[in-house]
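Q: Take this structure, written in structure tokens, and hold onto it; I'll ask about it next.
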Amino acid sequence: MQVPVRVRGSDAQGRSFEEEAVTLAINAHGALIQLQARLTSGGKVLLQHNQTHEEQECQVVFLGPVRSGKAEIGLEFSSPRPTFWRVAFPPEDWSPKHPEARNVIATTPPATPIKK
């Protein structure tokens with residue numbers, strides 16, 4: 001899910017930075033984003049949700065490949081924040097094998113066969 005965010009903190013050289021970004025993926029524990037700024041694993045940054053202006057301190061937990069001058073960065077909240085993104089996430093114990101995952105909810109009535 002793409003959510004506009006602002007990230008600020010110190011880069012790998014210790015210089016302050018502030019950068020607008022869009023998330024590549026989100027979950028109750030953080031996000032995957034792309035940044036031009038080069039960060040270090042374990043570093044701390046502030047992540048701001050641009051629509052709510054809510055901020056959350058995050059730790060850099062993943063440094064991925066660089067594409068078009070931007071690196072994939074995995075950020076983890078200092079504590080789980082399932083409401084930060086304003087979306088509903090499945091419960092922790094959910095899996096595709098969960099009984100509710102097998103229930104198909106029909107949105108339209110089944111088609112009546114045509115008699116010839």
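Q: Would you check if V66 is surrounded by fewer than 14 Cβ atoms within 10 Å (Cβ to Cβ), of a type in the set (A, V, I, L, M, F, W, C), more than 15 Å from E20 (Cα to Cα) and touching a residue at least 40 places away in the same chain (Cβ under 8 Å)?
A: Criteria not met by V66.
Q: Follow-up question, since we're still on this one. Inside the stretch 1-76, counting only strands (runs of 3 or more DSSP E) that do not spill past its ends, which hold 3 or more residues that are more than 18 Å from V87 (Cβ to Cβ)?
A: 4-10, 16-27, 44-49, 55-67
Q: Within the stretch 1-16, how many residues are of a type outside the set (V, I, T) and buried (at least 17 other Cβ atoms within 10 Å of the Cβ)?
A: Counting residues in the stretch 1-16 that are of a type outside the set (V, I, T) and buried (at least 17 other Cβ atoms within 10 Å of the Cβ) gives 2.
Q: Report whether or not V61 is among the β-branched types (V, I, T) and under 14 Å from the mean Cα position of the chain (by Cα).
A: Spelling it out, V61 is indeed among the β-branched types (V, I, T) and under 14 Å from the mean Cα position of the chain (by Cα).
Q: Scan the stretch 69-84 residue by residue and report those that are surrounded by 11 or more Cβ atoms within 10 Å (Cβ to Cβ) and touching a residue at least 24 places away in the same chain (Cβ under 8 Å).
A: Once the filter is applied, which keeps residues that are surrounded by 11 or more Cβ atoms within 10 Å (Cβ to Cβ) and touching a residue at least 24 places away in the same chain (Cβ under 8 Å), the stretch 69-84 yields K70, A71, E72, I73, G74, L75, E76, F77, P80, R81, P82, F84.
Q: Which residue pairs have Cβ atoms closer than 6 Å, lie 6 or more positions apart in sequence or on different chains, and pair a first residue in the stretch 1-25 that is without any contact (Cβ under 8 Å) to a residue 60 or more places away in the chain with a second residue that is aromatic (F, W, Y)?
A: Short answer, once both residue conditions are applied: D11/F17.
Where a number appears in this text, it was derived from the coordinates with a stated rule and is not lab data. Computed from a prediction, not measured in an experiment: that's the story for all the values here. Using ideal geometry, Cβ is built from the backbone for each residue, glycine included, and neighbour counts are taken over all protein chains shown.
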